[in-house]
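Okay, so here's the structure we're looking at.
The values are calculated or read from the model by the stated rules, or taken from the named source; none is laboratory data. Being a predicted model, the structure only gives us computed values, none of them experimental. Note that we place each Cβ from the backbone using ideal geometry, even for glycine, and neighbour counts take in every protein chain shown.
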Amino acid sequence: MYDRILVPTDGSECADRAVEHAIDLAAQYDAELRVLSVIDARDVSHSAPAISVDQVEDTLRERAESVVEAVADRAAEAGVDVETAVEPGIPDDVITEYAGENDCDLVVMGTHGRTGLERYLLGSVTERTVRRSPVPVLTVRDTE
């Protein structure tokens, strides 16, 4: 049923729960796991004036690469084939484009999104992904 499962992650606890589900599903279906972390273009553009945009992007890229490599290690331990990617952009745009362009059959992601005024103004990455994804999206709630 599933050949390629996409799990977008930002390294948060809720994303980590989604990773557990994605690895389990990939193992059950002998599917390849695609691990994606998005460097949010809005985080880069809102950096403090004293810090260069390049410095912010480099720091965010290093963190994102660390996150996807940690997931790749967990998947490998479970015997799951894995491919990683770190992409810049608006998260829901990148996730939906990546799923379509890479023939993913399922997206597994955490429900936890932005909070407070920012979430109200921008909406939830997960919510927008569910609405726009070319493939089914399995959402995983945080335990708290």
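Points to keep in mind about this one:
- So V67, is it more than 21 Å from L138 (Cβ to Cβ), at pLDDT 95 or above, under 11 Å from the mean Cα position of the chain (by Cα) and among the β-branched types (V, I, T): no
- Filtered by the rule that a residue be closer than 12 Å to V68 by Cβ and among the aliphatic types (A, V, I, L, M), the stretch 20-40 gives L33, V35, L36, V38, I39.
- All conditions in (1) more than 17 Å from G11 (Cα to Cα); (2) free of Cβ contacts under 8 Å to residues at least 60 places away in the same chain hold for E69, with the sole exception of (1).
- Apart from one condition, H112 fits all of (1) modelled with pLDDT of 85 or more; (2) in contact with a helix residue (DSSP H, G or I) (Cβ under 7 Å, 6 or more places away or on another chain); (3) crowded, with 17+ Cβ neighbours inside 10 Å; the exception is (1).
- Members of the stretch 75-84 found to be surrounded by fewer than 17 Cβ atoms within 10 Å (Cβ to Cβ) and within 15 Å of T9 (Cβ to Cβ), listed by number: E83
- Candidates V35, V7, V19, filtered to the one that is within 10 Å of the chain's Cα centre (by Cα), in a helix (DSSP H, G or I) and at pLDDT 95 or above: V19
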